[in-house]
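The values are calculated or read from the model by the stated rules, or taken from the named source; none is laboratory data. Keep in mind that what you see is a predicted model, and the values were worked out from it rather than measured. All Cβ positions, even for glycine, are placed from backbone atoms using ideal geometry, and neighbour counts span all protein chains on display.
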Amino acid sequence: MRSRLLPTSFPLLSILLGGGLLCGGLIGCAPGVMTEDPTTPPAGFRPLFDGTSLSGWWGLSTVDPRSIAALSPEARERRRQESLADIRAHWSVEDGILVNDGEGLFLTTEEEFGDFELRLEYRTVAGADSGIYLRGIPQVQIWDTTEAGGKWELGANLGSGGLWNNPPGTPGRDPLVHADRPFGEWNRVRVVMVGSRVTVELNGRTVVDHAILSNYFDRERAVPARGPIQLQTHGGRIEWRRIWVREIEAEEANARLLRCEDDPRSAWASLFDGTSLAGWRGATEGYEVRDGALSCRKGSGGTLHHSRMLEDFELSLEFRLPPGGNNGLAIRYPGVGDPAYSGMCELQVLDSTHPKYAGLDPRQHHGSAYGRAAAQRGYLRPAGEWNHQWVRVAGTRIQVELNGAPILDTDLARIEDGLAPIEQYAGRDRRSGHFGLAGHNDAVEYRRIRVRDLPVRDGGGPE
(Lines give C-alpha, C1' and ligand atoms only; values in the text may rest on other atoms or scores of the structure.)
Protein backbone atom coordinates (compact mmCIF):
# COMPACT_ATOMS: atom_id res chain seq x y z
CA MET A 1 0.00 0.00 0.00
CA ARG A 2 2.02 2.95 -1.29
CA SER A 3 1.80 6.63 -0.37
CA ARG A 4 0.34 6.00 3.07
CA LEU A 5 2.72 7.88 5.37
CA LEU A 6 1.34 11.09 6.78
CA PRO A 7 3.18 13.89 8.58
CA THR A 8 2.38 14.64 12.19
CA SER A 9 1.34 18.23 11.53
CA PHE A 10 -0.42 20.08 8.73
CA PRO A 11 -1.03 23.67 9.86
CA LEU A 12 -1.73 25.41 6.55
CA LEU A 13 -4.64 23.30 5.35
CA SER A 14 -6.10 22.16 8.66
CA ILE A 15 -8.86 24.78 8.75
CA LEU A 16 -9.31 25.11 4.99
CA LEU A 17 -9.87 21.37 4.75
CA GLY A 18 -12.57 21.69 7.39
CA GLY A 19 -14.47 24.72 6.17
CA GLY A 20 -14.71 27.40 3.53
CA LEU A 21 -16.66 26.43 0.47
CA LEU A 22 -17.59 22.90 1.47
CA CYS A 23 -20.98 22.07 0.06
CA GLY A 24 -22.29 20.00 2.93
CA GLY A 25 -23.98 17.54 0.61
CA LEU A 26 -25.79 20.01 -1.61
CA ILE A 27 -26.74 18.26 -4.84
CA GLY A 28 -25.78 21.30 -6.92
CA CYS A 29 -22.12 20.83 -6.05
CA ALA A 30 -21.90 17.29 -7.41
CA PRO A 31 -23.50 17.29 -10.87
CA GLY A 32 -25.37 14.33 -12.33
CA VAL A 33 -24.13 10.80 -12.79
CA MET A 34 -23.07 9.03 -15.97
CA THR A 35 -25.74 7.65 -18.26
CA GLU A 36 -26.29 3.89 -18.11
CA ASP A 37 -23.54 1.84 -19.75
CA PRO A 38 -22.29 4.40 -22.27
CA THR A 39 -20.02 3.14 -25.04
CA THR A 40 -18.87 6.47 -26.43
CA PRO A 41 -17.73 9.61 -24.60
CA PRO A 42 -20.47 12.12 -23.74
CA ALA A 43 -20.45 15.49 -25.48
CA GLY A 44 -17.34 17.46 -24.57
CA PHE A 45 -15.32 14.43 -23.45
CA ARG A 46 -12.45 12.71 -25.21
CA PRO A 47 -10.82 9.34 -24.52
CA LEU A 48 -7.49 9.05 -22.70
CA PHE A 49 -7.32 5.35 -23.60
CA ASP A 50 -7.93 4.47 -27.25
CA GLY A 51 -8.93 0.87 -26.56
CA THR A 52 -6.07 -0.64 -28.52
CA SER A 53 -2.74 0.73 -27.26
CA LEU A 54 -0.90 2.59 -24.50
CA SER A 55 -0.43 5.64 -26.69
CA GLY A 56 -0.31 8.88 -24.69
CA TRP A 57 0.85 7.22 -21.46
CA TRP A 58 4.18 6.64 -19.70
CA GLY A 59 5.29 5.42 -16.27
CA LEU A 60 5.88 7.10 -12.92
CA SER A 61 5.67 6.06 -9.30
CA THR A 62 4.68 8.22 -6.34
CA VAL A 63 6.93 11.19 -7.08
CA ASP A 64 6.75 14.87 -6.21
CA PRO A 65 5.54 16.68 -9.36
CA ARG A 66 8.06 19.43 -8.65
CA SER A 67 10.91 17.01 -9.35
CA ILE A 68 9.46 16.21 -12.77
CA ALA A 69 8.79 19.87 -13.56
CA ALA A 70 12.42 20.66 -12.73
CA LEU A 71 13.73 18.31 -15.45
CA SER A 72 14.94 19.69 -18.74
CA PRO A 73 12.89 18.62 -21.77
CA GLU A 74 15.69 16.24 -22.73
CA ALA A 75 15.89 14.67 -19.27
CA ARG A 76 12.13 14.30 -19.07
CA GLU A 77 12.06 12.53 -22.43
CA ARG A 78 14.84 10.16 -21.33
CA ARG A 79 12.88 9.32 -18.20
CA ARG A 80 9.74 8.74 -20.23
CA GLN A 81 11.52 6.42 -22.63
CA GLU A 82 13.16 4.51 -19.79
CA SER A 83 9.77 3.91 -18.16
CA LEU A 84 8.19 2.30 -21.19
CA ALA A 85 9.85 -1.12 -20.77
CA ASP A 86 8.32 -1.39 -17.28
CA ILE A 87 4.95 -0.24 -18.57
CA ARG A 88 4.96 -2.85 -21.35
CA ALA A 89 5.88 -5.54 -18.82
CA HIS A 90 2.93 -4.86 -16.51
CA TRP A 91 0.25 -3.12 -18.59
CA SER A 92 -1.58 -4.57 -21.58
CA VAL A 93 -4.74 -4.23 -23.64
CA GLU A 94 -7.12 -7.21 -23.73
CA ASP A 95 -10.32 -7.01 -25.81
CA GLY A 96 -10.40 -3.22 -25.53
CA ILE A 97 -9.74 -3.24 -21.77
CA LEU A 98 -6.67 -1.74 -20.09
CA VAL A 99 -5.16 -4.34 -17.74
CA ASN A 100 -2.51 -4.10 -15.04
CA ASP A 101 -1.08 -7.20 -13.33
CA GLY A 102 -0.76 -5.42 -9.99
CA GLU A 103 2.90 -4.52 -10.34
CA GLY A 104 5.12 -1.92 -11.96
CA LEU A 105 5.02 1.80 -12.48
CA PHE A 106 1.77 3.75 -12.50
CA LEU A 107 0.29 4.51 -15.91
CA THR A 108 0.66 8.28 -16.29
CA THR A 109 -0.77 10.61 -18.92
CA GLU A 110 1.75 12.48 -21.02
CA GLU A 111 -0.73 15.34 -21.01
CA GLU A 112 -1.20 17.56 -17.96
CA PHE A 113 -4.54 18.93 -16.78
CA GLY A 114 -5.77 21.92 -14.83
CA ASP A 115 -9.48 21.84 -13.94
CA PHE A 116 -11.14 18.76 -15.38
CA GLU A 117 -13.85 16.14 -15.18
CA LEU A 118 -12.69 12.52 -15.40
CA ARG A 119 -14.91 9.50 -15.96
CA LEU A 120 -13.76 5.90 -15.98
CA GLU A 121 -14.73 2.38 -15.03
CA TYR A 122 -12.61 -0.16 -13.16
CA ARG A 123 -12.89 -3.79 -12.08
CA THR A 124 -10.59 -5.42 -9.56
CA VAL A 125 -10.08 -8.52 -7.41
CA ALA A 126 -9.97 -9.55 -3.76
CA GLY A 127 -7.04 -8.04 -1.87
CA ALA A 128 -6.60 -5.25 -4.39
CA ASP A 129 -5.42 -1.78 -3.45
CA SER A 130 -5.15 0.92 -6.10
CA GLY A 131 -6.07 4.50 -6.79
CA ILE A 132 -6.24 7.48 -9.12
CA TYR A 133 -3.69 10.27 -8.74
CA LEU A 134 -4.97 13.76 -9.60
CA ARG A 135 -2.36 16.13 -11.08
CA GLY A 136 0.22 13.68 -9.79
CA ILE A 137 -1.11 13.87 -6.20
CA PRO A 138 -2.40 10.77 -4.34
CA GLN A 139 -5.23 9.87 -4.44
CA VAL A 140 -8.79 8.74 -5.05
CA GLN A 141 -8.65 5.42 -3.19
CA ILE A 142 -9.64 2.05 -4.71
CA TRP A 143 -9.44 -1.12 -2.62
CA ASP A 144 -10.96 -4.36 -1.35
CA THR A 145 -13.51 -3.09 1.15
CA THR A 146 -14.43 -6.48 2.62
CA GLU A 147 -13.25 -7.58 6.05
CA ALA A 148 -11.36 -10.43 4.39
CA GLY A 149 -9.30 -7.83 2.55
CA GLY A 150 -7.50 -7.10 5.82
CA LYS A 151 -7.51 -3.31 5.68
CA TRP A 152 -10.44 -2.31 7.81
CA GLU A 153 -8.08 -0.76 10.34
CA LEU A 154 -7.03 1.63 7.55
CA GLY A 155 -10.60 2.56 6.66
CA ALA A 156 -11.36 0.09 3.87
CA ASN A 157 -14.67 -0.75 5.57
CA LEU A 158 -15.86 2.76 4.65
CA GLY A 159 -15.53 2.10 0.92
CA SER A 160 -13.54 3.33 -2.05
CA GLY A 161 -13.44 6.82 -3.56
CA GLY A 162 -12.10 8.80 -0.61
CA LEU A 163 -9.05 11.07 -0.69
CA TRP A 164 -7.10 8.64 1.47
CA ASN A 165 -3.92 10.71 1.74
CA ASN A 166 -5.72 13.70 3.21
CA PRO A 167 -5.03 14.21 6.93
CA PRO A 168 -7.23 11.94 9.08
CA GLY A 169 -10.50 13.52 10.15
CA THR A 170 -10.60 16.12 7.37
CA PRO A 171 -13.34 16.32 4.70
CA GLY A 172 -12.82 13.98 1.76
CA ARG A 173 -10.48 11.61 3.56
CA ASP A 174 -13.21 9.07 4.28
CA PRO A 175 -15.98 8.44 1.72
CA LEU A 176 -19.43 9.70 2.68
CA VAL A 177 -21.07 6.39 1.74
CA HIS A 178 -19.96 2.86 0.85
CA ALA A 179 -20.72 2.56 -2.88
CA ASP A 180 -18.45 -0.28 -4.10
CA ARG A 181 -19.91 -3.04 -6.24
CA PRO A 182 -19.05 -6.74 -5.69
CA PHE A 183 -15.90 -8.21 -7.23
CA GLY A 184 -16.36 -9.01 -10.89
CA GLU A 185 -18.63 -6.01 -11.52
CA TRP A 186 -17.52 -2.74 -13.08
CA ASN A 187 -17.38 0.35 -10.87
CA ARG A 188 -18.01 3.78 -12.36
CA VAL A 189 -16.02 6.74 -11.13
CA ARG A 190 -16.64 10.41 -11.81
CA VAL A 191 -14.13 12.99 -10.57
CA VAL A 192 -14.55 16.76 -10.85
CA MET A 193 -11.48 18.79 -9.89
CA VAL A 194 -11.51 22.59 -9.68
CA GLY A 195 -8.43 24.11 -8.10
CA SER A 196 -7.68 21.89 -5.11
CA ARG A 197 -11.35 21.01 -4.64
CA VAL A 198 -12.48 17.53 -5.61
CA THR A 199 -15.88 15.87 -5.95
CA VAL A 200 -16.02 12.10 -6.46
CA GLU A 201 -19.00 9.97 -7.46
CA LEU A 202 -18.73 6.19 -7.23
CA ASN A 203 -21.47 4.24 -8.97
CA GLY A 204 -23.70 7.28 -9.00
CA ARG A 205 -23.32 8.17 -5.31
CA THR A 206 -21.37 11.15 -4.00
CA VAL A 207 -18.51 9.90 -1.84
CA VAL A 208 -16.42 13.12 -1.76
CA ASP A 209 -18.20 16.46 -1.85
CA HIS A 210 -16.15 19.46 -2.96
CA ALA A 211 -13.29 18.71 -0.54
CA ILE A 212 -9.74 20.04 -0.76
CA LEU A 213 -7.16 17.51 -1.91
CA SER A 214 -4.18 17.91 0.40
CA ASN A 215 -0.72 18.02 -1.17
CA TYR A 216 0.88 14.77 -0.01
CA PHE A 217 4.36 16.04 -0.89
CA ASP A 218 4.12 19.40 0.87
CA ARG A 219 1.28 20.02 3.33
CA GLU A 220 2.17 23.69 3.42
CA ARG A 221 1.29 24.18 -0.26
CA ALA A 222 -1.74 23.70 -2.47
CA VAL A 223 -1.67 20.94 -5.06
CA PRO A 224 -0.13 21.91 -8.41
CA ALA A 225 -2.26 23.97 -10.79
CA ARG A 226 -1.62 21.42 -13.54
CA GLY A 227 -0.45 17.84 -13.62
CA PRO A 228 -1.01 14.33 -14.98
CA ILE A 229 -3.61 11.71 -14.20
CA GLN A 230 -2.12 8.46 -12.90
CA LEU A 231 -3.57 4.96 -12.48
CA GLN A 232 -1.92 3.31 -9.50
CA THR A 233 -0.68 -0.29 -9.33
CA HIS A 234 -0.64 -2.01 -5.97
CA GLY A 235 -0.36 -5.78 -5.90
CA GLY A 236 -3.66 -6.91 -7.41
CA ARG A 237 -4.95 -7.18 -10.96
CA ILE A 238 -7.09 -4.25 -12.00
CA GLU A 239 -8.87 -3.51 -15.26
CA TRP A 240 -9.87 -0.12 -16.64
CA ARG A 241 -12.07 1.04 -19.49
CA ARG A 242 -13.98 4.06 -20.80
CA ILE A 243 -11.41 6.56 -19.49
CA TRP A 244 -12.75 9.91 -20.60
CA VAL A 245 -11.83 13.47 -19.73
CA ARG A 246 -12.98 16.99 -20.44
CA GLU A 247 -11.28 20.19 -19.41
CA ILE A 248 -13.27 22.70 -17.37
CA GLU A 249 -12.96 26.30 -18.48
CA ALA A 250 -12.89 29.31 -16.16
CA GLU A 251 -16.59 30.21 -16.41
CA GLU A 252 -17.73 26.73 -15.40
CA ALA A 253 -15.05 26.46 -12.72
CA ASN A 254 -16.21 29.69 -11.11
CA ALA A 255 -19.83 28.59 -11.29
CA ARG A 256 -18.94 25.40 -9.43
CA LEU A 257 -17.08 27.33 -6.76
CA LEU A 258 -20.02 29.73 -6.37
CA ARG A 259 -22.81 27.16 -6.47
CA CYS A 260 -22.82 26.36 -2.78
CA GLU A 261 -23.61 29.97 -1.92
CA ASP A 262 -26.87 29.89 -3.84
CA ASP A 263 -28.55 27.65 -1.29
CA PRO A 264 -30.87 29.78 0.89
CA ARG A 265 -29.55 28.03 4.00
CA SER A 266 -26.02 29.33 3.41
CA ALA A 267 -26.65 32.88 4.81
CA TRP A 268 -24.58 34.64 2.15
CA ALA A 269 -25.58 38.26 1.50
CA SER A 270 -24.77 40.28 -1.61
CA LEU A 271 -22.79 43.50 -1.26
CA PHE A 272 -23.16 44.52 -4.92
CA ASP A 273 -26.49 44.57 -6.77
CA GLY A 274 -24.92 44.50 -10.25
CA THR A 275 -26.47 47.79 -11.32
CA SER A 276 -25.41 50.57 -8.94
CA LEU A 277 -23.09 51.68 -6.14
CA ALA A 278 -25.89 51.42 -3.58
CA GLY A 279 -24.42 50.75 -0.15
CA TRP A 280 -20.92 51.82 -1.13
CA ARG A 281 -19.06 54.81 0.29
CA GLY A 282 -15.73 56.56 -0.15
CA ALA A 283 -14.17 56.92 -3.62
CA THR A 284 -17.42 56.52 -5.53
CA GLU A 285 -16.14 58.80 -8.28
CA GLY A 286 -13.29 56.38 -8.96
CA TYR A 287 -15.59 53.44 -9.79
CA GLU A 288 -18.41 52.66 -12.19
CA VAL A 289 -20.82 49.84 -12.97
CA ARG A 290 -20.28 48.38 -16.41
CA ASP A 291 -21.94 45.25 -17.82
CA GLY A 292 -22.94 44.04 -14.37
CA ALA A 293 -19.45 44.49 -12.91
CA LEU A 294 -18.09 47.00 -10.41
CA SER A 295 -15.05 48.48 -12.11
CA CYS A 296 -12.31 50.85 -11.07
CA ARG A 297 -12.07 53.66 -13.61
CA LYS A 298 -8.84 53.57 -15.57
CA GLY A 299 -6.59 56.37 -14.36
CA SER A 300 -8.58 56.74 -11.15
CA GLY A 301 -9.18 54.71 -8.03
CA GLY A 302 -9.05 55.32 -4.30
CA THR A 303 -10.72 53.08 -1.72
CA LEU A 304 -14.38 52.27 -2.22
CA HIS A 305 -15.87 50.60 0.85
CA HIS A 306 -19.22 49.08 1.73
CA SER A 307 -21.23 50.63 4.55
CA ARG A 308 -21.74 47.29 6.31
CA MET A 309 -19.48 46.74 9.33
CA LEU A 310 -17.86 43.32 9.61
CA GLU A 311 -16.06 41.46 12.37
CA ASP A 312 -15.34 37.82 11.56
CA PHE A 313 -16.62 36.86 8.12
CA GLU A 314 -16.28 34.94 4.89
CA LEU A 315 -16.13 36.75 1.57
CA SER A 316 -16.63 35.45 -1.95
CA LEU A 317 -16.21 37.36 -5.19
CA GLU A 318 -15.05 37.24 -8.79
CA PHE A 319 -12.49 39.64 -10.25
CA ARG A 320 -10.95 40.28 -13.65
CA LEU A 321 -7.60 41.93 -14.24
CA PRO A 322 -6.37 43.81 -17.29
CA PRO A 323 -2.74 43.11 -18.20
CA GLY A 324 -0.62 44.46 -15.35
CA GLY A 325 -3.74 45.38 -13.36
CA ASN A 326 -3.44 46.41 -9.69
CA ASN A 327 -6.09 46.70 -6.98
CA GLY A 328 -6.69 45.33 -3.50
CA LEU A 329 -9.24 44.05 -0.99
CA ALA A 330 -9.46 46.27 2.09
CA ILE A 331 -10.05 44.14 5.21
CA ARG A 332 -11.58 45.69 8.35
CA TYR A 333 -11.06 49.13 6.87
CA PRO A 334 -11.95 52.12 9.13
CA GLY A 335 -13.19 54.20 6.19
CA VAL A 336 -10.18 56.51 5.96
CA GLY A 337 -6.51 56.22 5.08
CA ASP A 338 -4.52 53.66 3.12
CA PRO A 339 -6.18 50.29 3.84
CA ALA A 340 -2.83 48.45 3.80
CA TYR A 341 -1.93 50.43 6.94
CA SER A 342 -5.10 51.89 8.49
CA GLY A 343 -7.08 48.68 8.04
CA MET A 344 -6.29 45.24 9.37
CA CYS A 345 -4.64 44.60 6.00
CA GLU A 346 -5.00 44.88 2.25
CA LEU A 347 -5.11 41.65 0.28
CA GLN A 348 -3.31 42.34 -2.97
CA VAL A 349 -5.21 41.97 -6.27
CA LEU A 350 -2.54 42.01 -8.94
CA ASP A 351 -1.59 40.57 -12.30
CA SER A 352 1.54 39.09 -10.74
CA THR A 353 2.48 37.42 -14.03
CA HIS A 354 3.15 40.73 -15.79
CA PRO A 355 6.84 41.40 -16.51
CA LYS A 356 6.74 44.79 -14.81
CA TYR A 357 6.18 43.05 -11.47
CA ALA A 358 9.08 40.60 -11.81
CA GLY A 359 11.07 42.31 -9.08
CA LEU A 360 8.35 42.57 -6.44
CA ASP A 361 8.79 41.30 -2.93
CA PRO A 362 6.80 38.02 -2.50
CA ARG A 363 4.60 39.84 0.04
CA GLN A 364 3.36 42.11 -2.75
CA HIS A 365 2.06 39.47 -5.15
CA HIS A 366 -1.58 38.55 -5.65
CA GLY A 367 -3.41 37.27 -2.58
CA SER A 368 -0.73 38.43 -0.15
CA ALA A 369 -1.47 40.44 2.97
CA TYR A 370 0.28 43.43 1.47
CA GLY A 371 3.81 43.83 2.76
CA ARG A 372 3.38 41.27 5.54
CA ALA A 373 2.49 37.71 4.42
CA ALA A 374 3.22 36.16 1.02
CA ALA A 375 0.61 34.12 -0.82
CA GLN A 376 1.45 31.13 -3.00
CA ARG A 377 1.78 31.89 -6.69
CA GLY A 378 0.78 30.05 -9.84
CA TYR A 379 -3.01 29.90 -9.46
CA LEU A 380 -4.04 33.18 -11.10
CA ARG A 381 -5.82 32.90 -14.45
CA PRO A 382 -4.55 34.87 -17.46
CA ALA A 383 -5.39 38.57 -17.61
CA GLY A 384 -8.85 39.06 -19.09
CA GLU A 385 -10.37 35.95 -17.47
CA TRP A 386 -12.60 35.98 -14.41
CA ASN A 387 -11.10 34.58 -11.21
CA HIS A 388 -12.93 33.39 -8.11
CA GLN A 389 -11.59 34.27 -4.66
CA TRP A 390 -12.72 33.26 -1.19
CA VAL A 391 -11.49 34.96 1.99
CA ARG A 392 -12.01 33.96 5.60
CA VAL A 393 -11.22 36.41 8.40
CA ALA A 394 -11.45 35.03 11.94
CA GLY A 395 -9.80 36.93 14.74
CA THR A 396 -6.31 37.70 13.47
CA ARG A 397 -6.23 34.75 11.06
CA ILE A 398 -6.75 35.23 7.32
CA GLN A 399 -7.21 32.47 4.76
CA VAL A 400 -7.49 32.90 1.00
CA GLU A 401 -8.51 30.51 -1.76
CA LEU A 402 -7.90 31.51 -5.37
CA ASN A 403 -9.79 29.56 -8.01
CA GLY A 404 -10.29 26.75 -5.50
CA ALA A 405 -6.64 26.57 -4.36
CA PRO A 406 -5.64 27.64 -0.82
CA ILE A 407 -2.90 30.24 -1.31
CA LEU A 408 -2.71 32.00 2.07
CA ASP A 409 -3.24 30.94 5.67
CA THR A 410 -1.64 33.30 8.15
CA ASP A 411 -2.10 34.73 11.62
CA LEU A 412 -1.25 38.41 11.30
CA ALA A 413 -0.77 38.73 15.05
CA ARG A 414 2.32 36.54 14.75
CA ILE A 415 3.99 38.66 12.08
CA GLU A 416 6.44 41.07 13.65
CA ASP A 417 7.91 42.64 10.53
CA GLY A 418 6.96 43.81 7.06
CA LEU A 419 8.11 45.87 4.14
CA ALA A 420 7.54 48.86 6.41
CA PRO A 421 8.22 49.03 10.17
CA ILE A 422 5.47 47.12 11.94
CA GLU A 423 4.32 50.30 13.71
CA GLN A 424 3.22 51.73 10.38
CA TYR A 425 0.57 49.00 10.10
CA ALA A 426 -1.53 50.94 12.57
CA GLY A 427 -4.75 49.02 11.94
CA ARG A 428 -3.24 45.57 12.28
CA ASP A 429 -5.13 44.82 15.51
CA ARG A 430 -8.53 46.00 14.28
CA ARG A 431 -11.32 43.51 15.05
CA SER A 432 -14.01 45.19 12.95
CA GLY A 433 -14.34 47.43 9.93
CA HIS A 434 -15.57 47.73 6.38
CA PHE A 435 -14.79 45.68 3.31
CA GLY A 436 -13.45 47.75 0.46
CA LEU A 437 -11.72 47.87 -2.93
CA ALA A 438 -8.41 49.68 -3.11
CA GLY A 439 -8.02 51.07 -6.63
CA HIS A 440 -4.68 51.95 -8.19
CA ASN A 441 -5.62 53.51 -11.54
CA ASP A 442 -6.28 50.23 -13.37
CA ALA A 443 -9.62 49.01 -14.71
CA VAL A 444 -9.94 45.99 -12.40
CA GLU A 445 -13.49 44.57 -12.30
CA TYR A 446 -15.48 42.79 -9.58
CA ARG A 447 -18.80 40.98 -9.50
CA ARG A 448 -20.84 38.59 -7.33
CA ILE A 449 -19.44 40.10 -4.14
CA ARG A 450 -20.98 38.19 -1.25
CA VAL A 451 -20.30 37.97 2.47
CA ARG A 452 -21.52 36.09 5.49
CA ASP A 453 -20.82 36.69 9.16
CA LEU A 454 -19.06 34.13 11.33
CA PRO A 455 -20.11 33.74 14.96
CA VAL A 456 -17.56 35.35 17.29
CA ARG A 457 -16.75 33.77 20.61
CA ASP A 458 -15.28 35.52 23.63
CA GLY A 459 -11.70 36.49 22.91
CA GLY A 460 -12.22 36.65 19.16
CA GLY A 461 -12.26 34.01 16.49
CA PRO A 462 -15.11 31.91 15.15
CA GLU A 463 -17.15 29.41 17.10
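Show me the strands (runs of 3 or more DSSP E) entirely contained within segment 228-291 in which 1 or more residues are more than 30 Å from Gly337 (Cα to Cα), modelled with pLDDT of 95 or more and not assigned by TED's automatic domain parsing to the domain that holds Leu315.
Qualifying strands (runs of 3 or more DSSP E): 229-231, 238-247.
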Considering residues that are touching a Pro at 6+ places or on another chain (Cβ under 9 Å) and either assigned to a strand (DSSP E or B) or among the aromatic types (Phe, Trp, Tyr) (or both), the number found within segment 305-331 is 5
message: Could you go through segment 120-137 and let me know if any residue there is of a type in the set (Phe, Trp, Tyr), within 22 Å of Arg237 (Cα to Cα) and not in a loop (DSSP other than H, G, I, E, B).
response: yes
Flagged in segment 63-72 as assigned to a helix (DSSP H, G or I) and either loosely packed, with under 14 Cβ neighbours inside 10 Å or modelled with pLDDT under 95 (or both), in numbering order, are Arg66, Ser67, Ala69
Taking segment 109-119 and keeping only residues that are in a loop (DSSP other than H, G, I, E, B) and among the charged types (D, E, K, R), one is left with Glu110, Glu111, Glu112, Asp115
The correct count of residues that are over 23 Å from the mean Cα position of the chain (by Cα) and farther than 16 Å from Trp240 by Cα in segment 105-125 is 0
If we ask which residues in segment 269-301 are farther than 17 Å from Leu329 by Cβ and either among the β-branched types (Val, Ile, Thr) or surrounded by 18 or more Cβ atoms within 10 Å (Cβ to Cβ) (or both), their number turns out to be 3
Out of (1) surrounded by fewer than 20 Cβ atoms within 10 Å (Cβ to Cβ); (2) touching a residue at least 60 places away in the same chain (Cβ under 8 Å), the one Arg190 does not meet is (1)
Given (1) within 29 Å of Gly378 (Cα to Cα); (2) in contact with a Gly (Cβ under 9 Å, 6 or more places away or on another chain); (3) of a type in the set (D, E, K, R), Glu103 misses just (1)
Counted residues in segment 73-108 being surrounded by 12 or more Cβ atoms within 10 Å (Cβ to Cβ), out of contact with any Lys or Arg (no Cβ under 9 Å at 6 or more places or on another chain) and in a loop (DSSP other than H, G, I, E, B) come to 3
Restricting segment 339-365 to residues that are part of a loop (DSSP other than H, G, I, E, B) and touching a residue at least 60 places away in the same chain (Cβ under 8 Å), the one surrounded by the fewest Cβ atoms within 10 Å (Cβ to Cβ) turns out to be Met344
